[in-house]
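The values are calculated or read from the model by the stated rules, or taken from the named source; none is laboratory data. Every value quoted in this text rests on a predicted model; they were computed, and no experiment measured them. Note that we place each Cβ from the backbone using ideal geometry, even for glycine, and neighbour counts take in every protein chain shown. In case anyone asks, the SASA skips ligands and DNA or RNA and just uses the protein heavy atoms, side chains included. Shrake-Rupley method; radii C 1.70, N 1.55, O 1.52, S 1.80 Å.
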Amino acid sequence: MKRWTTILGRGGTTLIAISLALLLVSLIPTIQMFSTEGSGSLSPGGIRILFSQQNLNPQQEVQIAVTVEGKLTVYLLELNIELEFNPETGFVQRFNSTDLQQILQENRDLIIWEHEVENGDYKRSYTPTRILNATLIVYNPSDSENAYLDHSVSLQSSLAPGDKVRTIAYWAAPIGVILAIPWLVNIWKERKQS
Amino acid sequence: MTNMGKGKPFLEVLASAIHEDFRFPFLELFAFFYALGTFVFASFTVGLSSQITTNEAIAYSVTNSLISGSLIVFILLILKNVAYGLGNDLEKGIIQTYFSYPLRRRGILTAKLLSAIGVSLLLFLGIQISALYILAPDIVFPHLGTVILTYAASLSYPLLISAIMLLLTLKLRRGGIGLVVGIVLYVAMNIASGIAFFVAVSTKSPLAFQILSVISPTYALQYHYGGLSGISDIFSVPWIPTLSETLLYTGASYGIVASLFILAYVYFSRRLNL
């Protein structure tokens, strides 16, 4: 019985130590790699590319905040938008609403997430679980009405996904304390006796 | 004596060894540094060099970046446990006390090594694999074979150091020299890889790295996945070992490690007079 108390107790203190390390990791501030803000109106059926990143990795997080007047759909697609050189206008992104419609109808597995926003605010962050190309697009699904968009997108880099690591630390630490208490009580009793 | 009767003394020795090797708060301190080192050194950007393109190579690169940060902590722990821990037990006569237990000598050494290396390995792998799961489950789990091979290749040299340290500690019956040799061997491999790199580049022959890979197959694995990233073509080593060659180097290195441990067992069982 005493041996099991010791084994569980030391397991508990080890769990507490790991939780502290994870908590420390989650507290290390993130680095802002990129940020963009803007506003404007979108005509019916129009799209706007807010952000496109090659090789987005699990140590990076895309944060998006939009305010919409009208109705818009926000898509995060697993896609790399290619640039095309035009001698008159310079580099232009080779992606239009027809390409988006094709993805929506034939390649829905490229949609990481989508959200419809109507006259309101929307905030979301995304951390991938593998290395992928990501593109953030807003689309006006209306046939007749313009929509107004105010957006802010940023790319943060961190050691580990903060929320995930913090959640594990918050769960592991109390479990560690529960496991360690009987062993610590035993030690305290032994010291008191001696 | 029944099997249960034999098992109890083994557990007694194992419990006593774990108690000695991982006195409070050693286990907790090492767990803290393993976890911290794993996340601090994890890097996905190293997997994005022009040479590393496949998902398998990215899985290797990510796993390798995680290992590199915590491997030194693992080596320090086994240096402490094998050289200092076992050396102390030999000097203080604790091993002689174990010899009076109804247990074969190889059982005593197994219990000591399970505590010194087994528990450390369990802690190291447990934290590392959990970290890989937290960071990139979709990179790691589809390429579990690559991840396991990366760990096997990376742990081969630390295990070789621990086998040499074990032999020296048993032969000299004290841990001090074994500890120094262990540290020297660890530093020597880094120096040797630096020399091998320049020899391989200047002679345009991978022979130096092929020799090193026999004791540390991590180099074979590194070149299998495209070699060092971010260096000019002038400094490239003309070596792309196949997967079966890499497995062969890993097998050979573990063969050497296993023979040294067998030698230590034979010495401990038959030659060690206390």
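Observations on the model:
- Qualifying residue in region A:136-147 (condition: under 23 Å from B:ILE139 (Cβ atoms) and in the same structural domain as A:ILE64 (by TED's automatic domain parsing)): yes
- Applying the criterion of being within 10 Å of chain A (Cβ to nearest Cβ) and part of a helix (DSSP H, G or I) to the residues of region B:13-25, the residue that is surrounded by the fewest Cβ atoms within 10 Å (Cβ to Cβ) is B:HIS19.
- B:LEU172 vs. criteria within 22 Å of B:LEU243 (Cα to Cα), open to solvent by 20 Å² or more (accessible area, probe 1.4 Å) and aliphatic (A, V, I, L, M): no
- Only a single criterion out of (1) outside any helix (DSSP H, G or I); (2) within 14 Å of chain B (Cβ to nearest Cβ); (3) out of contact with any strand residue (DSSP E or B) (no Cβ under 6 Å at 6 or more places or on another chain); (4) not aliphatic (A, V, I, L, M) is not satisfied by A:ASP109, namely (1).
- Yes/no for B:GLY126 being farther than 24 Å from B:ILE177 by Cβ, at pLDDT 90 or above and within 14 Å of chain A (Cβ to nearest Cβ): yes
- Among the conditions (1) within 14 Å of another protein chain (Cβ to nearest Cβ); (2) open to solvent by 30 Å² or more (accessible area, probe 1.4 Å); (3) more than 22 Å from A:THR167 (Cα to Cα), B:VAL147 misses just one, which is (2).
- Residue list for region A:17-54, filter: within 30 Å of B:PRO25 (Cβ to Cβ) and either assigned to a strand (DSSP E or B) or open to solvent by 50 Å² or more (accessible area, probe 1.4 Å) (or both): A:LEU20, A:LEU23, A:LEU24, A:LEU27, A:ILE28, A:PRO29
- Out of A:GLY40, A:GLY45, sole residue that is touching a helix residue (DSSP H, G or I) at 6+ places or on another chain (Cβ under 7 Å) and away from chain B (no Cβ under 13 Å): A:GLY45
- Every residue from region A:156-166 that is more than 10 Å from chain B (Cβ to nearest Cβ) and modelled with pLDDT of 90 or more: A:GLN156, A:ARG166
- Qualifying residue in region A:19-35 (condition: of a type in the set (S, T, N, Q) and either within 12 Å of chain B (Cβ to nearest Cβ) or within 30 Å of B:VAL119 (Cβ to Cβ) (or both)): yes
- Yes/no for A:ASP121 being within 14 Å of another protein chain (Cβ to nearest Cβ) and farther than 16 Å from A:ASN55 by Cα: no
- Among the residues of region A:61-80, those identified as hydroxyl-bearing (Ser, Thr, Tyr) and either out of contact with any strand residue (DSSP E or B) (no Cβ under 7 Å at 6 or more places or on another chain) or under 21 Å from A:ASP109 (Cα atoms) (or both) are A:THR73, A:TYR75.
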